Amino acid sequence: MTRLFFRYWLPLLAWTAMIFVASTDSFAAQHTGSVIQTIIAALIGHPLPPETFDPLHFVIRKLAHLTEYAILGALAFRAVRAEECGWSARWATIATVVASLIAAGDEFHQSFVPSRTPSLVDVAIDTVGAAIAQGIIRWRVRRQPDSAHN
């Protein structure tokens, strides 16, 4: 049982902790904006004007939500499936619900951080990310030969 926890559930818990750390002031929009603007300036040779940068920054932040919760959804699926093989709608549903609950908890946490704003839209984006992961996992499992459904 301990081996199963460390192998399947600990990565999910570690990623969840990383998400909650990213919900602190350090990763608020005003802080990530300067980092992203610096990277863009290094790539194209100059910073973008605010009317171009602000919508791009918004999209990058939302894509980050989608991506981090796709990873969380995949880790949740892996934890729920454990040593079983293949894909099932039950495992995928549980994994998506787990990710959605973590997303809601994360947004609740943000309500206590003065520089952060909780958002139901972010919970929806996060849930979509987790659901996308389930679709990718299903697609990958279906493409594998029957003997390799691990």
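Within region 110-132, the set of residues being more than 14 Å from ARG61 (Cβ to Cβ), at pLDDT 95 or above and not hydroxyl-bearing (Ser, Thr, Tyr) comprises LEU120, VAL123, ALA124, VAL128, ALA130, ALA131, ILE132.
Applying a threshold of 6 Å to beta carbon distances and a minimum spacing of six or more residues, or different chains, the list of pairs starting in region 113-129 at a residue that is more than 12 Å from GLY73 (Cβ to Cβ) and ending at one that is of a type in the set (Ser, Thr, Tyr) reads PRO118/SER111.
Each row is one residue, and each column tells you yes or no for (1) within 17 Å of PRO11 (Cα to Cα); (2) polar (S, T, N, Q); (3) within 16 Å of the chain's Cα centre (by Cα).
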| residue | (1), (2), (3) |
| --- | --- |
| HIS65 | no, no, yes |
| GLY73 | yes, no, yes |
| PHE77 | yes, no, yes |
| VAL80 | yes, no, no |
| GLY86 | no, no, no |
| VAL97 | no, no, yes |
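The number of residues in region 1-30 that are under 25 Å from PRO47 (Cα atoms), part of a helix (DSSP H, G or I) and among the aliphatic types (A, V, I, L, M) comes to 1. Of PHE53, PHE58, all but one fail to be farther than 27 Å from ALA17 by Cα and out of contact with any Leu (no Cβ under 6 Å at 6 or more places or on another chain); the exception is PHE53.
The values are calculated or read from the model by the stated rules, or taken from the named source; none is laboratory data. Since the model is a prediction, treat every value here as computed from it, not as a measurement. Virtual Cβ from ideal backbone geometry, glycine too; neighbours counted across all protein chains shown.
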